[in-house]
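Engineer: Before we start, here is the structure in question, set down as structure tokens.
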Amino acid sequence: MKGYAWLGALVLALLLAKSAGLLPAFLDELPLHLEKSSIDTLGDAGKEAYTELVPFGLILDHTFEFMREELGVSLVTRFVSKRLKELIDIFDNILRGGRKGLGLSAPPWTALLVIAFILGYSLKGWRLALLSGGTVMYFAIFGLWKFAMETLALLAAAVPISIIIGLLVGIVAYRKKWLELALLPILSVAQTLPHFAYLIPVVVFFGIGHQTGVIATIIFAVPPMVRLTLLGLQRVAPEIVEAGKMSGCTNLQLLFRVQLPSARNELLLGVNQVIMQCLAMVVIAAFIGASGLGYRLLHKLQSLKLGQSLEIGVAIVLLAVVLDGLSRAWAEKKRDYAADLPFHRRFRYPILLVVMVAAAYLLAPYFPILEKVPRDLTVTYAKTWDGLVDWIVLNWSDGLTNFRYFLIVNVLAPLRDALLYMPYPSVLLLVAGLGLLLGGYYSALLTLAFLVFIGLAGWWDRAMITAYMVVFATFICIVIGIPVGIFSALSERRAKTALFWCDTFQTFPSFIYILPVIMLFQVNDLSAIMAVIVYAIIPAVRYTVEGIRSIAPELEEAATMAGCNTRQRLVHLQLPVAIPHIMLGVNQTIMFAFSMVIIAAFVGTIDLGQQIFKALSETNIGKGVVLGLCVSFMALAVDHLVTRWARERRRLLGLD
């Protein structure tokens with residue numbers, strides 16, 4: 001504790017020195033990043049402030065320009081873009097018909113309904129069947145069929161490519177240790193980089209269109225597949241590998257017949273993650289011309305047509321839940337290879353599927369409604385939602401205005417001003433000092449390097465605004481999420497219910513969380529922060545429940561035999577033992593908050609997210625990548641510190 005006291009004293013000394021006017025100007029504030037167009041208006045002082053910065057963005061611009069023009073990368077990207085567009089056209093034609101791709105006619109919507117229903121039933125019974133079939137009916141009845149099929153076409157192109165690339169890279173990294181060591185930091189940065197930072201370089205190299213959105217989606221979805229492939233292969237027991245070698249397997253036979261089957265659970269979890277990441281990114285890729293439900297949602301949000309936006313949002317949520325449910329059910333389904341069943345029973349579901357789809361095709365010409373739901377029969381509840389929004393504005397306007405004013409004036413603005421007031425050496429000292437105390441010199445230098453990059457890039461003030469939003473959102477998530485998790489964990493039934501809802505909400509694409517906060521708080525900073533809270537609270541609840549429920553029964557029994565009541569058992573056993581796991585949940589909450597705060601810039605903030613949106617609109621590749629790295633490095637610094645603390649705490653408790 002002495003080290004933490006010294007660290008606090010040094011930070012306080014810097015703050016007192018600034019308050020007393022004793023801190024030199026160069027230790028008080030870093031120069032700000034200025035746009036080139038505004039430099040001339042600031043005179044020599046403005047030019048000097050600009051030239052003091054390390055031009056990371058300019059360096060990246062020249063690097064990418066050199067790659068595109070001198071190395072001929074643009075020729076490769078154009079070839080890839082053209083081939084990918086042809087692939088998307090094929091899937092789009094299969095799902096929607098037309099002259100593109102294979103030139104097929106559109107399938108009846110009832111054929112896809114049958115496929116969804118039978119697939120859901122074969123994997124997990126009636127509940128998943130009704131959910132899958134109901135989602136297809138929702139698309140048809142609410143007039144969203146065209147956009148849903150466009151989204152599925154993009155997913156059909158992106159998911160297999162992401163899985164194949166991730167699987168191959170993971171296998172090579174497993175075999176080549178040097179590649180694994182090189183990939184791990186890249187994967188860490190890639191998984192904390194904001195979604196929009198992926199879009200800017202892709203636009204520069206590939207242009208705008210459906211295929212560009214798919215390329216951005218593939219880049220975003222590959223890292224989790226690589227990680228889980230690597231993890232799965234590393235977890236294969238050495239005895240299993242040795243047995244395969246003793247059986248005379250070649251390296252390829254060992255890989256495909258022993259190691260990959262043994263890593264099945266991790267690989268299928270990777271497939272699930274790829275599907276969900278692809279769906280999340282396909283929605284965001286609408287900003288660069290990707291069609292489908294995401295583009296439709298973006299258009300309606302920009303027009304502030306909240307009722308129609310909610311209809312589309314529900315469609316995206318249903319699609320996410322169904323894809324997550326189907327992929328998880330497929331991963332968990334066990335096949336009885338020993339069962340000696342006749343052909344018609346072994347393949348009863350594929351046979352039923354073929355028969356029912358054929359029936360849909362045969363009946364569709366005689367009953368047009370089975371082929372396509374007529375426009376005059378589609379329904380909408382957009383006006384109901386619009387009426388609800390109007391009712392909220394009329395009846396809750398004063399209360400929401402007062403609540404918004406109180407939070408902004410008395411809580412958010414003072415917190416933001418406090419972080420902006422802190423001299424940058426105090427922040428560097430605080431973060432590096434925590435790194436030194438928790439992980440030694442390596443942690444101190446690593447976290448310091450992350451923040452120094454932000455300072456040299458000239459985005460310090462914007463980064464502090466981003467930090468204040470994340471700090472406030474994380475605090476609220478902890479204050480609400482951990483008590484909810486504790487309450488849920490004390491009952492088996494409540495724990496299952498809480499985990500079910502966490503699973504459900506975690507499948508929602510992050511963009512969806514913007515809709516309800518706009519309804520309540522309109523477009524402002526508070527809406528962005530509320531969206532972050534709603535999205536980031538999920539890990540705080542989940543990890544608290546899992547941490548308490550995973551305590552060894554022997555420890556619980558020992559505490560009960562020692563005469564502890566429920567409260568004593570919670571305070572003296574469950575919480576102390578679960579704290580490392582709960583802190584990992586806090587860490588994930590912070591990661592979620594960093595991810596969502598950039599997306600929430602869509603509803604009005606002045607942080608790094610706003611600048612990323614601006615860079616995207618200007619296709620400013622260098623600026624966009626640097627801003628994305630600033631966000632990523634902030635998240636990685638926090639992740640490193642919290643992970644180090646949790647690991648040390650587990651070691652002290654003897655849990656490792």
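Engineer: In percent, what relative contact order does the chain have, based on Cα pairs under 8 Å that are 6 or more apart in sequence?
Structural biologist: Reported as a whole number, the value is 19 percent.
Engineer: Roughly how tilted is helix 348-363, in degrees to the nearest 10 and between 0 and 90, from the longest Cα axis of the chain?
Structural biologist: So the helix axis and the longest Cα principal axis differ by about 80 degrees.
Engineer: Further question on the same structure: Can you tally the net charge around residue 67? Count Lys and Arg as +1, Asp and Glu as -1, for every other residue whose Cβ sits under 15 Å from the Cβ of residue 67.
Structural biologist: So the surrounding residues net to -2.
Engineer: Ok, one more. Excluding residues on the same chain fewer than 8 positions from residue 496, give the aspartates and glutamates whose Cα lies under 17 Å from its Cα.
Structural biologist: Residue 496 reaches 546.
Engineer: Give the angle, between 0 and 90 degrees and rounded to the nearest 10, that separates the Cα long axis of helix 109-124 from the longest principal axis of the Cα atoms of the chain.
Structural biologist: Rounded to the nearest ten degrees, it is 70.
Engineer: Now, a different point. List the pairs from 124/333; 146/372; 82/623 whose alpha-carbon separation is above 18 Å, in the order I gave them.
Structural biologist: Over 18 Å Cα-Cα: 82/623.
Engineer: Order 434-440, 59-65, 571-577 from most to least packed using the mean count of other Cβ atoms within 10 Å.
Structural biologist: 434-440, 571-577, 59-65
Engineer: For residue 300, go through the aspartates and glutamates and keep the ones whose alpha-carbon is under 15 Å away, minus same-chain ones fewer than eight residues off.
Structural biologist: Correct list for residue 300: 311, 386.
Engineer: Please list 132-140, 618-626 highest first by mean number of surrounding beta-carbon atoms within 10 Å per residue.
Structural biologist: Order by mean packing, descending: 618-626, 132-140.
Engineer: Mind checking the angle between helix 575-599 and the chain's longest principal axis? C-alpha axes, 0 to 90 degrees, to the nearest 10.
Structural biologist: The two axes meet at around 80 degrees.
Engineer: Where nothing but the Cβ of Lys and Arg (+1) and of Asp and Glu (-1) is charged, how large is the charge dipole of the range 460-652 around its Cα centre, in debye to the nearest 20?
Structural biologist: 280
Engineer: Full extension from residue 234 to residue 4: what is 0.36 nm times the residue separation minus their Cα-Cα distance, to one decimal in nm?
Structural biologist: Roughly 79.0 nm would be gained on extension.
Engineer: If packing is taken as the average number of other Cβ atoms within 10 Å across a peptide's residues, how do 255-264, 223-232, 592-601 rank, most packed first?
Structural biologist: Descending mean neighbour count gives 592-601, 223-232, 255-264.
The numbers here are math on the coordinates, done by the rules we state, and not lab data. Bear in mind that the values here come from a model prediction, so they are computed numbers and not experimental data. Here Cβ is always computed from backbone atoms with ideal geometry, including for glycine, and neighbour counts include all displayed protein chains.
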